[in-house]
Amino acid sequence: MKTRLKIKSIVPRLTMTGPVAGWMILFVVIPFTYIFVISFMNRGTYGGVELGFTLQNYANIFDAKYLMIFLNSILLAAVTTALCILIAYPFTYFIAQKTAVTKTVFVSMVMIPFTVSSLVRIYSWINLLRKDGIINNLLMSLRVIDEPLQMIYNNFGVIVGMVYTLIPFMILPLYSSIEKLDKSMLEAGNDLGAKPARAFATITLPLTAPGIFAGAIMVFIPTLGYFFITDMLGGSKIMMIGNLIRNQFVTAKNWPFGAALSIFLIVLTLAALWVYERIGGDLEDLGGMR
Amino acid sequence: MRRASKKRLTGRMRNVYIGLVFFFLYIPIALVIVYSFNTSKMNILFEGVTAHWYADMVRNRALMDSLKNTLIIAVLSTAASTVIGTLGAVGLSKYDFIGKKLLNKLLYIPVVIPEIVLGIALLCVYSAVRMTLGIATITLSHITFCIPFVIISVRARLAGMDKSLEEASMDLGAGRVRTFVSIILPLLLPGVFSGAVLSFCLSLDDIIISFFTSGPTSTTLPMKVFSMVKTGVTPEVNALFTVIMLCTIGIIAVNTGVQLRKMKSNK
């Protein structure tokens, strides 16, 4: 009798949580463990790996050439994140003041462009920014500039592409935190004689900080890995961590080094998440948007 | 008086700012639509209106094959991740078991770790077990990153669900399966639906994971476009994406409509 009861409760448990647990083990735990193992092995002659144990792959990361790439990646990601906050915060704040219907319409209007292939939209930016492109043509025919501006195949182009691609991940968490803002707090501040600037700095900003932090994580981390944006708008001159990892698997055929770089990128991500949780961020806030 | 006009001025400035950001968001997709009707093959000047790129698009075998691959992968991975994710979300909320906390943390990995890491990790495993890279490997990979998003959106729905309905159903003699199908599932449907839509869109647009897990004969549409970037993307591609854009806007409209109706009937 007792065993029968046990079986009865095990079957639904297994059919519901079994598939997801099994899938995560097969396609997340095993692959991540595997690249961790590979990162200590030697490279094979034609790609792949050779058995062995070495710390050389990790030692190679600290080569000055690669350290510069990491530094540039982190810098580009930081600038992208800062620009996303600067552009998205006022935008989202102004939208949140509108009526319920307008708000709903505006938020879905933010989402619509992002259902179109990101590659095609980035390609449009090439047409806009390149030397004989739309913006240069327009500015030259208006006689604002005499020489075409170099807006692509440099850091500027990459940053435009990154900000454009990642800004909805800043807008959405910001929107939900600004929406939740308790208006009575602002009124209280106003009644007590706080000037708008002061009220913003001491009430609005601290209360919406969780949205800013969540948005910053959702922008900063992907920027490090989006190699196709660097490829398309940075040309071959700009390298980010993502491009470096990709090259180890495609051109350099040095899988163990690529694996070591990936572990390094995971550590960087975890460090960012640690800081995020430390300053009061909630992991749950990161899920709903991407 | 002065205060009122000042207020109106700041209000107008706010609208101008909102307009400028929307302009920034929409100009690239507007260009895609405009160039899909342009007679010139070069994506710079607009020379005249034509619809012949739409005819060329349908005749372009390579482009249509990549579209077919993309749709097969998106449909399969949406179906699988929706089933696995919905069952998982319900199971995770109903039962306690060893490793539940760990599983919950694991689900965040595909969401927060850069996609490139998942891409190369899966590539390494596929090559270790000697799986040929193709539609199967891409689909398996897409299911992996879609499951967490289905779980997140179903879970949001579960949080607001009335547990007593489930208990009532069991008390009245309905079995577990019957209760799940006729009580739990209909209540969760909006969450399941938005999880499925999200999965479909993510799979359709994925470039990074597909880059590492696809083989030479299984080019997806984003991969095809990526390979065209160096030589220039043809107007046929703009035409194709204009069509796709209309479809996705349709899906969003239906999704919003369903949610609005649900909101109304809840009132």
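Results, tabulated for the structure shown:
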{"read-out": "Residue in the stretch A:80-87 that is at the interface with chain B (Cβ under 9 Å from one of its Cβ atoms), closer than 25 Å to A:I171 by Cβ and within 24 Å of the chain's Cα centre (by Cα) present", "value": "yes"}
{"read-out": "Identity of the residue in the stretch B:119-141, among the β-branched types (V, I, T) and touching a residue at least 60 places away in the same chain (Cβ under 8 Å), that ends up nearest to A:I38 (Cα to Cα)", "value": "B:I120"}
{"read-out": "Count of residues meeting criterion [part of a helix (DSSP H, G or I) and either within 29 Å of A:N155 (Cα to Cα) or among the charged types (D, E, K, R) (or both)] in the stretch A:94-130", "value": "20"}
{"read-out": "Test: residue in the stretch B:90-107 that is within 20 Å of the chain's Cα centre (by Cα) and either in a helix (DSSP H, G or I) or β-branched (V, I, T) (or both)", "value": "no"}
{"read-out": "Checking B:V111 against (1) more than 16 Å from the chain's Cα centre (by Cα); (2) surrounded by fewer than 21 Cβ atoms within 10 Å (Cβ to Cβ); (3) at the interface with another protein chain (Cβ under 9 Å from one of its Cβ atoms), the condition it does not meet", "value": "(1)"}
{"read-out": "First in the stretch A:230-241 and more than 12 Å from every other protein chain (Cβ to nearest Cβ), second anywhere and surrounded by fewer than 24 Cβ atoms within 10 Å (Cβ to Cβ) and in a helix (DSSP H, G or I), Cβ under 6 Å, 6 or more apart", "value": "A:M239/A:I69"}
{"read-out": "Sole exception among (1) crowded, with 19+ Cβ neighbours inside 10 Å; (2) in a helix (DSSP H, G or I); (3) of a type in the set (V, I, T) for A:T204, by number", "value": "(1)"}
{"read-out": "Qualifying residue in the stretch B:69-92 (condition: within 30 Å of B:E166 (Cα to Cα), free of Cβ contacts under 8 Å to residues at least 24 places away in the same chain and of a type in the set (V, I, T))", "value": "yes"}
{"read-out": "Matching residues in the stretch B:108-118 - criterion: being without any contact (Cβ under 8 Å) to a residue 60 or more places away in the chain and part of a helix (DSSP H, G or I)", "value": "B:I109, B:P110, B:V111, B:V112, B:V117"}
{"read-out": "Hey, B:L102 of a type in the set (A, V, I, L, M, F, W, C), without any contact (Cβ under 8 Å) to a residue 40 or more places away in the chain and crowded, with 18+ Cβ neighbours inside 10 Å or not", "value": "no"}
{"read-out": "Residue match in the stretch B:54-71 (condition: assigned to a helix (DSSP H, G or I), over 26 Å from the mean Cα position of the chain (by Cα) and among the charged types (D, E, K, R))", "value": "yes"}
{"read-out": "Yes/no for B:S210 being of a type in the set (S, T, N, Q), modelled with pLDDT of 80 or more and assigned to a helix (DSSP H, G or I)", "value": "yes"}
{"read-out": "Meets criteria (crowded, with 19+ Cβ neighbours inside 10 Å, under 19 Å from A:I35 (Cβ atoms), at the interface with chain B (Cβ under 8 Å from one of its Cβ atoms) and in contact with a Phe, Trp or Tyr (Cβ under 7 Å, 6 or more places away or on another chain)) for A:G225", "value": "no"}
{"read-out": "Candidate set from the stretch B:216-259 (those that are facing chain A (nearest Cβ under 7 Å) and surrounded by fewer than 19 Cβ atoms within 10 Å (Cβ to Cβ)); member that is farthest from A:M111 (Cα to Cα)", "value": "B:V229"}
{"read-out": "Some residue of the stretch B:158-168 being within 13 Å of chain A (Cβ to nearest Cβ) and either touching a residue at least 40 places away in the same chain (Cβ under 8 Å) or within 30 Å of A:S124 (Cα to Cα) (or both)", "value": "yes"}
{"read-out": "Condition met for A:R121 (among the charged types (D, E, K, R) and under 18 Å from the mean Cα position of the chain (by Cα))", "value": "yes"}
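The values are calculated or read from the model by the stated rules, or taken from the named source; none is laboratory data. As the structure is a computational prediction, the values presented were derived from the model and not from experiment. Ideal geometry is used to build each Cβ from the backbone, glycine not excepted, and the neighbour counts take in all protein chains shown.
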